[in-house]
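In what follows, a single structure is set out as structure tokens and then discussed.
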Amino acid sequence: GDRKNDLNNFAPRMSFSWDVKGDGRTYVRGGAGLMYDRITTFMSFFEKRAAGWRVYNFTNPGTRDPEVLRDRVRNGQGSNLLSLNLMKKDMQVPYNVQASLGLGQQLAEGLALNIDYIHQDAKNLYVQVTPNYRTSSTTRNLTNSFGDITLYDDFGEATFDAIATSVTLDRPGLRLNGAYTLGW
């Protein structure tokens, strides 16, 4: 169709690490950035495929043999409602704004503790809506002239926060690391 390429995805990132006392034992670190996700090419493939293919439905077919089902289709059996996959014209690319702030502390020789807070805000997430769902075995919500109608849009949003911790024991010939993340 006449969809435009989305070419305005600028993704800056920055981070820092600061040795608080200058002795290599206590670090404060952090960062922030804007990251973009994949583009919507798979949705336009579904849209094109649905426009050219037909799906035949059989209530209690009694078989899974493709040849038997093909013979039934050739003989006019099975419901043949056109299912649609439709994507809005100006789908935006999903993006994620991330920020973190952490502390690293050398507790003793070869023993370190790290604690980080992480925050993410995701926007323009892809969403599927199916408005022509079945309300009974013979009736659909919008129209009985079509089968499933799947609408793709980019209005999804998500937020994630976490506290990530780790303890590392580092001895000659042995390194152990334990980690725990509390996320919501």
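The values are calculated or read from the model by the stated rules, or taken from the named source; none is laboratory data. Here the structure is a predicted model, which is why all the values come from computation and not from measurement. When we count neighbours, we look across all protein chains shown, and the Cβ atoms used for this are built from the backbone with ideal geometry, even at glycine. Keep in mind that these areas ignore ligands, DNA and RNA; they rest on the heavy atoms of the full protein, side chains included. Shrake-Rupley method; radii C 1.70, N 1.55, O 1.52, S 1.80 Å.
Things to note:
- Extension gain for N9-K89 works out to 27.0 nm (0.36 nm per residue, less the C-alpha to C-alpha distance).
- In this structure the stretch 54-109 gives 69 Å² per residue of accessible area when probed at 1.4 Å with all protein chains present.
- Estimated FRET transfer efficiency (Q77, T143; beta-carbon r; R0 35 Å; 0.05): 0.95
- Hydrodynamic radius (Kirkwood) for the stretch 111-167, which is based on Cα pairs only, to one decimal in Å: 15.1 Å
- With K and R counted +1 and D and E -1, the other residues having a Cβ less than 12 Å from that of L182 yield a net charge of -2.
- Projected area averaged over orientations for the chain, convex hull of C-alpha atoms, nm²: 18.5 nm²
- Modelled FRET efficiency - R0 35 Å, A32 with R171, Cβ distances, 0.05 increments: 0.50
- W18/S44 FRET efficiency (R0 45 Å; Cβ-Cβ; nearest 0.05): 0.45
- C-alpha center-to-center spacing [the stretch 77-118, the stretch 136-170] in angstrom: 13 Å
- A straight chain from A51 to A158 at 0.36 nm per residue would run longer than the Cα-Cα distance by 35.4 nm.
- Two-decimal Rg to Rh for the stretch 75-184 - Kirkwood Rh, Cα set: 1.35
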